[in-house]
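Student: Following this message is one structure expressed as structure tokens.
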Amino acid sequence: MPIAPENLIAPGSKPERVASGAVWAEGPVWLPERRAVRFSDIPGNRVLEFSEETGALEVYAADAEYPNGRALDRSGAVVQCSHGRRAIERDTGTTPGAVPAVQTLVDSYNGRRLNSPNDVVVKSDGTIWFSDPSYGIQKDTEGHPGREEYGDRYVFRFDPASGELTPAVIDVEVPNGLAFSPDESILYVSDTSLGTPAMDGGARLHGHAIHAYDVVDGRFARNGRVFAEVTPGVPDGFRLDAQGNLWSSSGDGVRVFSPDGTEILHIPVPETVSNVCFGGDDGRTLYMTATTSLYRIRTLVTGAVS
């Protein structure tokens, strides 16, 4: 039975804009030790940070090589997607007063450069799963011109312990947002293409939809199917709460779906939402990056760990 909307946010609650000044805000993550939300202004080629304690917005990193999605690994370091370096990176600058300390984790597959990693999640076993569309090599405002060297756009699984990089999902046209269900039995992948299966004979999953995959043996994604279609706009980034509800960006705010794919809540936002994350000291604040701004709304649920 889907959860009632009034059990997700308090009736009458509205998003609050807490910071602005970006060109296209993306990739939010909550940093518990800094009590801050870190996110990207991709065309501005910089990383911004909003302090929940002071209410100030500061530039954390300039000339940052167009980073996009990010998540925390099990040590609390930031794992982020770099369009400019075409890589997955790790930044240990997460404690109060720390400065950027970035290292490249992986930037190639079978000797060929990645496209432009877009979004990332870290599984409880420490493996890093990331989407690799080609926005950063297609748009000069989001990276550097380039080509798809391995000839496709995959979701990858990277094992930092072994250095092994393997494709996990290969049947989504433009893989973008990622998240695991709370028990990590399902991997959700958004497709931000606008095509339909008929365009290539049905070989790929298409459309402004979020797809669900069963996670087999903790490392393989199988049985892809449509979980939910998101309109208007596309499901760019999303996160799950601890009860398994999925909070997705859309063209007119945030759309919330129950574990069975039923839409149960729409949170209107006056700008196009790109991504979301749960934060705050109690994990019950939803932060939303939306075009030029960062918004937040208090929720009645906590975010899932991954």
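We did not get these values from a lab; they are worked out from the coordinates using the rules stated. All values reported here derive from a predicted model rather than from experimental measurement. A quick note on method: Cβ atoms are made from the backbone with ideal geometry, for glycine too, and the neighbour counts reach across all protein chains shown.
Student: Tell me the volume per residue, in Å³, of the convex hull enclosing the alpha carbons of the chain.
Tutor: 119 Å³
Student: Taking the highest mean first, how do the peptides 185-192, 227-234, 157-164 order by number of other beta carbon atoms within 10 angstrom per residue? It would help to have the intermediate numbers written out before the result.
Tutor: Numbers: 185-192: 23.5, 227-234: 18.6, 157-164: 14.2.
The most tightly packed comes first, giving 185-192, 227-234, 157-164.
Student: Note down the relative contact order for the chain as a percent, whole number, built from C-alpha pairs under 8 angstrom at least six residues apart.
Tutor: Numbers: 893 pairs, mean separation 52.1, N = 306.
Computed over the chain, the figure is 17 percent.
Student: What order, most packed first, do the peptides 64-72, 248-256, 297-305 have when packing is the mean number of other Cβ atoms within 10 Å of each residue?
Tutor: Numbers: 64-72: 24.9, 248-256: 23.2, 297-305: 18.2.
Result, highest mean first: 64-72, 248-256, 297-305.
Student: Moving on. Enter the Cα centre distance for the pair region 134-189 and region 26-79, rounded to the nearest angstrom.
Tutor: Each part reduced to its Cα centre gives a spacing of 20 Å.
Student: Follow-up. Find out how many positive minus negative residues lie around Glu164, taking Lys and Arg as positive, Asp and Glu as negative, among other residues whose Cβ is under 15 Å from that of Glu164.
Tutor: Numbers: positive: Lys123, Arg157, Arg219; negative: Asp107, Asp125, Asp159, Asp217.
Summing Lys and Arg as +1 and Asp and Glu as -1 gives -1.
Student: Using a Gaussian network model of the chain with C-alpha springs under 10 Å, which one of Pro28, Pro259, Pro100 is most mobile by mean-square fluctuation?
Tutor: Pro100
Student: A follow-up question, please. Between beta-carbons, use under 11 Å as the cut-off and find the net charge around Ala10, counting Lys and Arg +1, Asp and Glu -1.
Tutor: +2
Student: Tally Lys/Arg at +1 and Asp/Glu at -1 over every other residue whose Cβ is under 13 Å from the Cβ of Ser293; what's the total? Each step should come with its number before you reach the end.
Tutor: Numbers: positive: Arg17, Arg296; negative: Glu16, Glu26, Asp41, Glu271.
Overall, the nearby charge balance is -2.
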